[in-house]
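Below is one structure, written out as structure tokens, with a few remarks after it.
The values are calculated or read from the model by the stated rules, or taken from the named source; none is laboratory data. Model, not experiment: these values are computed from the prediction. No Cβ is skipped: glycine too gets one built from the backbone with ideal geometry, and neighbour counts run over all protein chains shown.
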Amino acid sequence: MTDKLKMRSMDKVQDNIGKIREMFPNAVTEVIDGYYKDLKGEDKPIIKLKVDFDVLKQELADTLIDERELRYQLTWPDKQRSVLLANSSVEKTLRPDKERSVDFDGTRNLYLEGDNLDVLKLLRETYLHSIDVIYLDPPYNTGKNYIYKNDFSKKKGEFLFGDSQIDDERNRLVVNMQSNGRFHTDWLNMMYPRLKVAKDLLSPQGVLICAIDENEFSTLTLILKEIFSEGGYEFSYATVVHNPRGQQGLNFSYVNEYAIFIYPNDGGKYLGDMPKKEVDARGLRDSGTESDRVDARNCFYPFYVQNGAILSVGDVPDPSYHPQSANVVRADGVTEVWPMTDDGAEKKWRYARQSVGEILDKLTVKKGRNSLQIVYNKGDETMRSLWENPRYDASEYGTKTVQSLLGIQDGFSFPKSLWLIYDILKYTCPHKKNVTVLDFFSGSATTAHAVMQLNAEDGGDRKFIMVQLPEPCDEKSEAYKAGYKTICDIGEERIRRAGKKIKEEMQKPKQQGIDQEDPSASPRSARNDAVAQLDVGFRVLRLDSSNMREVYYHPGQYTQTLLDGLADNIKGDRTPLDLLFQVMLDLGVEPSAKIEEKEIAGKQVFAVNENELIACFDSGITDEVVKAIAQRKPRYAAFRDNAYAYDSVADNFEQIFATYSPNTKKEVL
């Protein structure tokens with residue numbers, strides 16, 4: 001039997017009703033919701049499930065909550081409609097853009113342009129309960145920031161237009177002023193449906209991290225606990241010092257924001273241990289003078305280093321001995337590391353020669369600007385709720401990083417520090433290096449940059465999915481003048497340049513001393529292999545209206561005269577590759593899957609993940625094409641409706657598959 005593809009996002013309502021039917025079959029009935037034509041042109045009914053709520057109430061009489069009964073909850077205007085919005089389906093698609101992509105055929109990373117709520121709905125069936133890490137940095141409700149506005153004006157009377165959810169020009173982003181009487185309501189209406197869909201995407205052992213400031217910290221925490229449930233998940237947060245200089249307020253100078261962590265409440269360890277204190281970049285060198293050679297002579301001695309490791313600790317020399325420099329490379333390749341500075345200034349070690357042996361296993365070698373240093377790592381401990389590190393500074397390692405990569409001064413407002421996101425990913429699901437990371441408020445694509453950086457350093461195979469609305473840049477900005485017309489332009493170019501830079505850094509040999517390569521470093525061939533294997537590409541897909549004409553979804557609304565005038569139910573400007581990606585989403589095949597293009601009997605054929613899906617959207621297909629596809633024994637085979645060269649091909653279609661691949665699921669659009 002050949003099935004008709006639905007070609008719309010997952011219908012969460014029908015999915016939920018299906019689960020109710022499993023428990024209470026007598027409370028669910030089937031109804032006809034229109035018709036479609038099969039391969040032979042015959043009308044076939046579209047069956048939908050509906051709940052008999054009177055029967056369901058009877059089944060749940062002992063546990064039904066009276067509508068008048070007060071209970072602890074967070075509520076606001078439009079909350080119910082936000083729930084309905086999260087559950088509704090969309091008749092849209094993701095269209096590939098090869099020109100904007102990097103390594104389109106080989107990459108497993110995705111950059112998705114469009115309203116993130118619609119994009120998340122399209123991903124829901126494909127990635128249902130399979131995303132390992134979700135990080136999001138939504139627009140903060142500061143009274144000045146732009147926020148998403150949900151459009152509650154849906155067809156069939158689902159919602160009413162006119163409640164200020166979108167502006168007169170139907171823009172998705174508007175400034176939410178504090179003078180707005182719906183100040184908190186509008187922000188909650190933005191966040192609730194997106195988080196509700198995000199829960200469907202998160203794997204049973206997945207972790208969600210959400211950044212927020214003080215303005216909506218309490219309300220965000222409450223809706224997260226409602227959506228994820230306190231019984232099934234644990235909720236923790238870290239206070240992150242992201243602006244050491246402070247953002248001056250009337251009564252406070254704000255130096256921090258928050259990262260809320262949500263992970264399963266099953267006793268598992270989902271967050272890794274962090275260093276008790278970050279490795280001291282100053283090393284063990286302490287202040288000193290010439291007189292210290294006598295007064296504190298036990299704090300002046302060499303460490304012997306080779307191949308990036310400490311071999312031993314040398315004896316205290318005569319006070320009159322002066323090393324040539326901070327690092328003395330001997331003929332045998334061993335480097336003597338002294339506490340002097342690079343320019344020869346007097347220093348001493350913080351620990352005496354007699355006691356340094358007790359902490360030798362916690363000492364490591366670090367390459368400084370011009371010489372090696374000895375640094376002290378105090379070990380690991382359970383993650384603390386206060387994250388305070390100079391490299392989390394959003395100005396130094398966020399704004400300036402973007403400016404440096406793109407060569408502009410006003411590319412993006414308030415990007416997160418690269419190293420903050422790097423550490424969040426590093427210590428989330430610490431034992432997995434092949435996770436999929438989703439960020440649906442992608443912004444300047446810091447998360448994608450962090451994923452690539454972390455993979456380069458630990459050999460991981462993490463994949464990223466970035467989602468960003470193509471919000472226009474200010475035409476007066478330097479970014480716009482430099483050619484970055486939208487935020488997506490900025491994010492995509494950052495990934496391109498960051499990936500290139502990371503690979504260039506990987507190709508450089510590690511340094512043992514000044515201009516001396518570490519013999520223990522990977523040989524050039526191994527480094528080249530690692531560089532080649534690192535995925536710094538991304539496949540760009542743009543949210544758009546469905547590839548199918550309106551008649552595909554609502555044939556009952558068209559008269560036979562109008563139907564006769566429509567030669568095809570597919571829009572004329574859509575390519576076979578466009579159709580392929582919508583079919584992949586419909587069948588639950590990841591849009592990052594490997595795609596091979598072949599020609600069979602003069603027809604274009606796509607093979608996705610080898611034999612998971614084989615599709616041909618050309619017209620005039622013959623028995624030869626059908627047979628060649630069936631012989632591959634794919635899991636799915638997809639074709640255009642009425643695309644056969646002759647009536648006999650349609651007659652032979654089912655028999656050919658029954659002969660060569662009876663288990664293949666055949667789909668038409």
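Tabulated data
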quantity	calculated
Subset of the range 227-256 [of a type in the set (Gly, Ala, Ser) and closer than 14 Å to Glu388 by Cα]	Ala238, Gly246
Residues of the range 83-128 satisfying the condition of being surrounded by fewer than 21 Cβ atoms within 10 Å (Cβ to Cβ), under 19 Å from Gln14 (Cβ atoms) and among the small types (Gly, Ala, Ser)	Ser88, Ser89
Of all residues in the range 445-491 being basic (Lys, Arg) and surrounded by 16 or more Cβ atoms within 10 Å (Cβ to Cβ), the one that is farthest from the chain's Cα centre (by Cα)	Arg462
Selection from the range 320-344 of residues that are in a loop (DSSP other than H, G, I, E, B), within 44 Å of the chain's Cα centre (by Cα) and among the polar types (S, T, N, Q)	Thr341
The range 201-229 residues that are not assigned by TED's automatic domain parsing to the domain that holds Val119, paired with ones that are among the aromatic types (Phe, Trp, Tyr) (beta carbon under 7 Å, 6 or more apart)	none
Any chance Leu208 is at pLDDT 95 or above and either farther than 25 Å from Met274 by Cα or touching a Phe, Trp or Tyr at 6+ places or on another chain (Cβ under 8 Å) (or both)	yes
Candidate set: the range 299-333, residues that are hydroxyl-bearing (Ser, Thr, Tyr) and touching an Asp or Glu at 6+ places or on another chain (Cβ under 8 Å); chosen: the one surrounded by the fewest Cβ atoms within 10 Å (Cβ to Cβ)	Tyr304
Total residues in the range 227-276, condition loosely packed, with under 15 Cβ neighbours inside 10 Å and assigned to a helix (DSSP H, G or I)	0
Of all residues making up the range 631-669, the number that are surrounded by 21 or more Cβ atoms within 10 Å (Cβ to Cβ) and either acidic (Asp, Glu) or within 17 Å of Leu580 (Cα to Cα) (or both)	6
Test: residue in the range 334-342 that is farther than 11 Å from Leu372 by Cα and either outside the structural domain of Leu360 (by TED's automatic domain parsing) or loosely packed, with under 15 Cβ neighbours inside 10 Å (or both)	no
Unique match (being among the basic types (Lys, Arg) and surrounded by 22 or more Cβ atoms within 10 Å (Cβ to Cβ)) among Lys433, Lys416	Lys416
One residue from Asp647, Asp618, Asp641, Asp623 being acidic (Asp, Glu) and free of Cβ contacts under 8 Å to residues at least 12 places away in the same chain	Asp647
Out of Leu188, Leu220, Leu250, Leu201, sole residue that is in contact with a Leu (Cβ under 7 Å, 6 or more places away or on another chain) and not basic (Lys, Arg)	Leu201
Residues that are part of a helix (DSSP H, G or I) and modelled with pLDDT of 80 or more, drawn from the range 19-52	Lys19, Ile20
Residue in the range 312-330 that is aliphatic (A, V, I, L, M), in contact with a Pro (Cβ under 9 Å, 6 or more places away or on another chain), touching a residue at least 40 places away in the same chain (Cβ under 8 Å) and closer than 27 Å to Val241 by Cβ present	no
